[in-house]
Amino acid sequence: MSLPRLALTIGDVAGIGPEITAKALLGHDDVREKCIPVVIGDEAAMRRGVQNVGGDPDLVRVIASVSEATNTPGTIELIQTGPSLADVALGELSAAAGDGSYRFVVEACRLAREGEVDGIVTAPLNKAAMHAGGHKWPGHTELLAHEFGVENFSLVLSAGDLYFFHLTTHVSMRQAIENITIDRTLNVLELAGAFAKSMGTPDERIGLAGLNPHAGENRLFGDEDADILAPAVATARERGLNVEGPVPGDALIPAAVRGKYKLVVVCYHDQGHAPFKAVYGDDGVNITVGLPVVRVSVDHGTAFDIAGQGIAREASLVLSLERAAALAPGWDHVWRTAQKMEMPA
């Protein structure tokens, strides 16, 4: 079987993206036994990133297409995307860098739509810089969904065999509550079920976290758990999914960390991100479920404060490449399931 081809975007070039890309591709030759990584970014920024981690910038090789990639250890094969970003200063918010990070993602999506790559791996971008560059997206996830024309998707944090699906992500708490509907909840539960099936565990238990403290405590602390989450769980069970919930988040997430659940659905960004990052740190990745190709990202930011120092850790990016390579062959089932769903209300 041929190795999956992965488009690796270097993110905001004022941050640590080029450095961790250099460390991942020049210091982990075993990754190339699992995938063919092709960097989508900027030659000048990538050469500077290699130099900042003590490498030879001449190891960066510009190619015109994915088909030219040789996957040779000790090299970084890069497709130049847009004008040079050589003048971008490290560690500073830059509209040019924000525009570049946007262009890298759009190019990776084009390559995926045209069948040239089997998955996308993303280094971190800076949302404020991207906005300054004229692209008003809340983050990677929403931009990717737009580029692929999908409405039903979920941000998923993963460490080992544990996966945290999110009903809502980059919105205010007030907006998150409004966005949690029966349809949206059911769709994400079905995405989780499709994901489990693609991994060969169709009966995997799925735990749904309650929105309110104590999952509403029989309506003492809100009606959303009883009126929205519980009906979605009932319908999901009727459709054959092994779902439990809503379970109070402070009970569900510790139980998942201890191994009771491998698939968890949380209601809002920090309900999943805060405990996940506290427990797993660099051992986690971010997966977007609901796209036609697998997309995996690091679970950290651009770290402007240490950019250029060569000390940024590449562990999450290496794990992202490995996870994307592992998921790519079975991704079609997850995508076909997402296509069949009704759009969330």
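The values are calculated or read from the model by the stated rules, or taken from the named source; none is laboratory data. Nothing here was measured: the structure is a model prediction, and the numbers come from that model. Note that each Cβ is placed from the backbone with ideal geometry, even for glycine, and that neighbours are counted across all protein chains shown. Side chains are part of the model used for accessible areas, which takes the heavy atoms of the whole protein and leaves out ligands, DNA and RNA. Shrake-Rupley method; radii C 1.70, N 1.55, O 1.52, S 1.80 Å.
Side notes on the structure shown:
- Neighbours by Cβ (under 6 Å, 6+ apart or cross-chain): first from region 48-66, under 9 Å from A22 (Cβ atoms); second in a loop (DSSP other than H, G, I, E, B): N52/G308; N52/G310; V53/G310; L59/T75
- Residue in region 57-64 that is part of a helix (DSSP H, G or I), among the aliphatic types (A, V, I, L, M) and either more than 14 Å from F104 (Cα to Cα) or touching a helix residue (DSSP H, G or I) at 6+ places or on another chain (Cβ under 6 Å) (or both) present: yes
Per-residue answers, yes or no, for (1) among the hydrophobic types (A, V, I, L, M, F, W, C); (2) without any contact (Cβ under 8 Å) to a residue 12 or more places away in the chain; (3) touching a Lys or Arg at 6+ places or on another chain (Cβ under 9 Å):
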{"site": "V105", "(1), (2), (3)": "yes, no, no"}
{"site": "P124", "(1), (2), (3)": "no, no, no"}
{"site": "A145", "(1), (2), (3)": "yes, no, no"}
{"site": "S158", "(1), (2), (3)": "no, no, yes"}
{"site": "R174", "(1), (2), (3)": "no, yes, no"}
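- Filtered residues of region 321-345 (kept if among the hydroxyl-bearing types (S, T, Y) and modelled with pLDDT of 95 or more): none
- All of (1) open to solvent by less than 70 Å² (accessible area, probe 1.4 Å); (2) closer than 22 Å to S320 by Cβ; (3) of a type outside the set (K, R) hold for P73 with one exception: (1).
- Filtering A45, A24 for residues that are open to solvent by less than 70 Å² (accessible area, probe 1.4 Å), closer than 20 Å to P4 by Cβ and part of a helix (DSSP H, G or I) leaves a single hit, A24.
- T288 satisfies every condition listed in (1) in contact with a helix residue (DSSP H, G or I) (Cβ under 6 Å, 6 or more places away or on another chain); (2) open to solvent by 10 Å² or more (accessible area, probe 1.4 Å); (3) modelled with pLDDT under 95 except (2).
- For G281, the conditions (1) surrounded by 17 or more Cβ atoms within 10 Å (Cβ to Cβ); (2) under 20 Å from the mean Cα position of the chain (by Cα) all hold with the exception of (1).
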